[in-house]
Amino acid sequence: MKMPASSGRVVVIGGGIQGCATAYFLARRGQAVTLIEKDHIGRHASGVNAGGVRRLGRDLAEVPLSLAAMDIWQDLQAEIGDHADAFHPCFYAKIALDETGRALGLERVAALRKAGFHHEIWLDDADIRKRLPHLSCPTHGGLLVEGDGWAVPWRIVQGFASAAVRHGATLIEGEHVLSLEPEGEGWRVNTSRRSFGAEQIVNCAGAWAAELALRAGEPAFPLSAYAPMLAVTDRRPPILPAVMGVLGHTLSLKQLDTGQFVIGGGVRARADLDGNRGEVAIPDLAVSMRLATKLFAEIAGTQIIRCWSGIEGYMPDNLPVIGRGRQPGLVHGFGFSAHGFQLGPAVGEALADLVMGQQPRISLEPFRPDRFEVQE
Amino acid sequence: MFRQIESPQTSITIYIDDRPYAVAAGDSIATILLNEGLTAVHAAPNGTPRGPYCMMGVCFDCMIALEDGRIEQACQTYAEDGMRILLPLTRRDEAGQ
Amino acid sequence: MTMKSQYDLVIIGAGPAGMAAAIEASNGGLTTLVLDDQPAPGGQVYRHILQNAEKQADIPYLGADYWSGQDLAAAFAASSAAVWPESRVWQITGDKEVFFSRKGAAQCVQAGAVLIATGAMERPMPVCGWTLPGVMSVGAAQTMLKTNGSGADGAVFAGSGPLFYLTIWQYLQAGFAVRAVIDTAPASMTPRHYMLALPALLQPGLLLKGLRWRAEIRRKTEYHCGVASVRIAGDHKVTGLSFRDASGQDQIIEADHLFIHQGVVPNVNLTMATELAHRWCPRQLCWHPQTDMFGESSVGDIFVAGDGMGIAGAAAAASSGRLAAGRIVARAKGASLFLAPIWQALKWRQTAIRPFLDHLFTPPEDWRVPQDETAVVCRCEALTKADVSAAIALGVSGPNQLKTYCRAGMGRCQGRMCSLTIQKMIHDHNGGSEDEIGYLRIRPPIRPLTVGELAALANEDAGK
């Protein structure tokens, strides 16, 4: 049932890509929306991730959402204007370095075809090498997706936030939401500095979302916080025209337009939610470095000039929580388990749909908030 | 140009951009560059030439390329006999950038 | 990696603080390792001192203060402390693992306690043209003198501070032709200066020496003071210096080499990356790691000594090294600290002149933040004052949020050459407290290491 934009205020909590995209879509549809961020926009996962914008390698359950998001990425300027220049389309390749990897890749293509998806293609070694002429090692083939890419993450998040504000959203940074109390048909939101009413709340609080949910009277969500680490190198002549991974291993490797390599891929360190910090355990990155130098021998001599980590929220099944909460007037969008960035635009649209009582065009069944509750 | 008061104890040879230089073993490459009047060695991201500034490893403007391709600070790299150094600025100029 | 070397105390830096601490700790029976990034001990102030000691008679121009470090360096060389030179420490973990690179290989040692004695660096001086080849810090000029007796004839010196006058004096003693000296310190003293000079009388030798150097420099060089609008001229390299002199005349002095200096500040990248608490020091206009009277930081068994905890000079650095090591030895042995008050009193006396020097040589405002919009603020990324101002105007709470709008601070030097400038620009725009605005968030590795080096560091526990 389609409902007009309500006169009540919607409060989106969390200024990462999920929250900013949601605030944007709501504001564009005429909804009064306030976006509250405890630090500054893009401070955490959305600002410090590897910036991969990929359909490749998604859990089957996420593929429809990812494809819908890619439609938005490919026309991003229409939504967020100049900030869209932060998206750099290029192909994504996940290559097999051994027979195990090859088997994984072929199995995946078959599963995707069976489900009706054709965006991932399998290339043999000769074709992979045509696309990646500087590869230093033999491959056993690989998966490829055209038109994926990478983005400068904080600029994309800013793009959505600025666009939301242009359409009338209110942005509040530097304030914690201390409590959420049911009030009448809606909520009372109490921050460190103010108190106001809201008709609906969208929980996009990332690694802090389970805490926030509890404060709203929701059940406990099994969300864990970890800090994936990344490294960036010196500038080098361009040799890598794609974003790469390796089948059966965790690696994310790309070369920015500056010539710097960004190397990471899911190696996780400890996160401190209260202290807002993830540790940087540099030796743990050695695995990714070994893979990177195997792929491109000349990377071995490149200097790592900085490492960092960002706090991400993980769910036990590595799928996000997207859907209505148990409380009326509460919608959740969190738990993206370190792969939520590309999904952001579609998640924002879907959350805006839920808030406005509209049917999201993608089924959110795999992401049900109640899937962890023990059935009685 | 930096003039040396004492007579240089040049006991080894290094190569800068394929040109041989007689130098003292253990001198930093940055010291040698300045003694040879080479004050510009690499380019900043916008193309402007840069060279040794702090001589103590904090400015990262004395960058040189070693034979194995590593880019290192000249003031933290010490001369060994036969060492071959390339100045990134020269390569950049040759590449017409 | 599983069989790490272990030491009771790992000291980072072999300057006066590190050397004094190493002697104290090893004499106290602790297994002690010194990791130093230079090929030989001495830090900056006593650079090359062991090699130079053999020819002391030939190099009198380095001055008595330099040579006074000989005994310390000799005692250090003779001590039982292990020393690994050319070792670049890039991370200290909370568990006191010390990661470093040596000869292109990354390694790790396990420390019972750590003493960070990495000293100071010259304050960034973002004047217009400071990135031109041929422009160097005064410390760099002094390094060339100490390393192999090299100097640049016809060089111009601009700035102020003890190191400034010392280096020019050394140039004059060594016989190098100094083209001109542009002194940015106040031409005359105010009542406040005289008041602060009173405790400085506890170090009369230092005061007199400084006055003597300054007088000799005024006599023997083309000397300018009371200047304004200093700009460095040149296109691909420095060609000279322009300024407005005390009488209001615009002047240009030509030179192929220019040495600038506005004091030194603690080099905090390692202490910050180790997540030690820091506090802004308004008197010295820099950050100090927070320590107790022995130098223990906010993290237990991690100590800081020397100029890295606050600028106090070489003699005080040695005292603070001894204090910290003494504390660490006493803790290991469960002994009392009856010698501590002696070192503490000595250190206090050795730093009595500091408030006077800090006030007299406060860097001029336009050397901390350039007036010229085209002056480079972030050297590594070649960003100008205009670039950074535009980002600050978008509304940032500090240098870290600034990184979401521009690349300032994202280069190789990890903020060493720009963070103080950016912080002041934000403070000038936002107001508030410097402690709140903060410094760039420094993360390891604080020195670069290659992808290959890291790849060779095996860690079977990764990827859990």
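Only the coordinates and a few stated rules stand behind these numbers; no lab work does. Here the structure is a predicted model, which is why all the values come from computation and not from measurement. No Cβ is skipped: glycine too gets one built from the backbone with ideal geometry, and neighbour counts run over all protein chains shown.
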Spacing of the two label points (7 Å from each Cα toward its C-beta) at C:M189 and A:A110, in nm: 8.9 nm
At 222 nm, what helix-only mean residue ellipticity would chain A give, in deg cm²/dmol to the nearest 500, using -39500 (n - 2.57) for each DSSP H run of four or more? -7500 deg cm²/dmol
Can you compute the FRET efficiency between C:D250 and A:R29 using 1/(1 + (r/R0)^6), with r the Cβ-Cβ distance and R0 = 56 Å? Round to the nearest 0.05. 0.35
For segment B:47-85 and segment A:61-130, compute the distance between their C-alpha centroids and round to whole Å. 41 Å
Ranked by how many other beta carbons lie within 10 Å on average, peptides A:86-98, C:67-79 from highest: A:86-98, C:67-79
Please identify the cysteines of chain B that lack any partner cysteine with a Cβ under 4.7 Å from their own Cβ. B:C62, B:C75
Between segment C:330-386 and segment A:201-279, the alpha-carbon center distance in angstrom: 37 Å
Expected sort for A:E146, C:E97, B:E67 with the fewest Cβ neighbours (10 Å cutoff) up front is B:E67, A:E146, C:E97
Hey, which aspartates and glutamates would be in cross-link range of C:K403, C-alpha to C-alpha under 13 Å, not counting anything within fewer than 8 residues on its own chain? C:E381, C:D387
State whether the protein assembly as shown is rounded, prolate or oblate according to the following rule on the C-alpha gyration tensor (a ≥ b ≥ c being the square roots of its eigenvalues): a/c under 1.5 gives rounded; otherwise a/b larger than b/c gives prolate, and the remaining case gives oblate. prolate
Out of A:Q158, C:A106, A:I172 - ranked by how far each Cα lies towards the positive end of the dipole of the protein assembly as shown, with unit charges on the beta-carbon of charged residues - the top one is A:I172
Along the dipole axis of chain A (charges at Cβ: +1 for Lys and Arg, -1 for Asp and Glu; origin at the Cα centre), the most positive-end residue among A:I239, A:G19, A:L223 is A:I239
Taking just the alpha carbons, could you work out the radius of gyration and Dmax for chain B, both in angstroms? 12.9, 40
Cα-Cα separations in chain A greater than 37 Å, expressed as whole percent: 19 percent
Dipole magnitude of the protein assembly as shown about its Cα centre, charges +1 at Lys/Arg Cβ and -1 at Asp/Glu Cβ only, in debye to the nearest 20? 940 debye
Give, as a single signed number, the net charge of other residues whose beta carbon lies under 14 Å from the beta carbon of C:W213, with Lys and Arg counted +1 and Asp and Glu -1. +3
Can you give the angle from 0 to 90° between the axis of helix C:191-200 and the longest principal axis of chain C, with both taken from C-alpha atoms, to the nearest 10? 40 degrees
For segment C:90-151, which chymotrypsin sites (Phe, Trp or Tyr not before Pro) pass both filters: DSSP loop (anything but H, G, I, E, B) and at most 16 other C-beta atoms within 10 Å? none
Cα convex hull of segment C:124-262, projected area averaged across orientations, nm²: 8.9 nm²
Using 0.36 nm per residue of separation minus the Cα-Cα distance, give me the extension gain between C:N430 and C:A390 in nm, one decimal. 13.0 nm
In what sequence do C:H236, C:H224, A:H134 fall when counting other Cβ within 10 Å, fewest first? C:H236, A:H134, C:H224
State the answer as a single residue: which of B:G82, B:A22, B:A40 lies farthest towards the positive end of the charge dipole of segment B:12-94, with beta carbon charges of +1 for Lys and Arg and -1 for Asp and Glu, about the Cα centre. B:A40
Applying a 4.7 angstrom Cβ cut-off across chain C, unpaired cysteine residues come out as C:C108, C:C128, C:C225, C:C281, C:C286, C:C380, C:C406, C:C413
If r is the Cβ-Cβ distance from A:R188 to A:H88 and R0 is 35 Å, what FRET efficiency results, to the nearest 0.05? 0.20
Would you please name the trypsin sites (Lys or Arg not before Pro) within segment C:73-152 that are DSSP coil residues with at most 12 other C-beta atoms within 10 Å of their C-beta? C:K103
Given charges of +1 on the Cβ of Lys and Arg and -1 on the Cβ of Asp and Glu, with all other atoms neutral, how large is the dipole of segment C:124-262 about its Cα centre, in debye to the nearest 20? 480 debye
Report the Rg/Rh value for chain C, based on alpha-carbon coordinates and the Kirkwood definition of Rh. 0.96
With 19 Å as the limit, write out which pairs from C:K4/C:K333; A:K254/A:K294; A:K114/A:K254 have Cα-Cα distances beyond it, or answer none. C:K4/C:K333; A:K114/A:K254
Could you size up the charge dipole of segment A:118-176 around its Cα centre, putting +1 on the beta carbon of Lys and Arg and -1 on that of Asp and Glu, and report it in debye to the nearest 20? 240 debye
For segment C:252-320 versus segment C:391-424, the gap between their alpha-carbon centres in whole angstrom: 20 Å
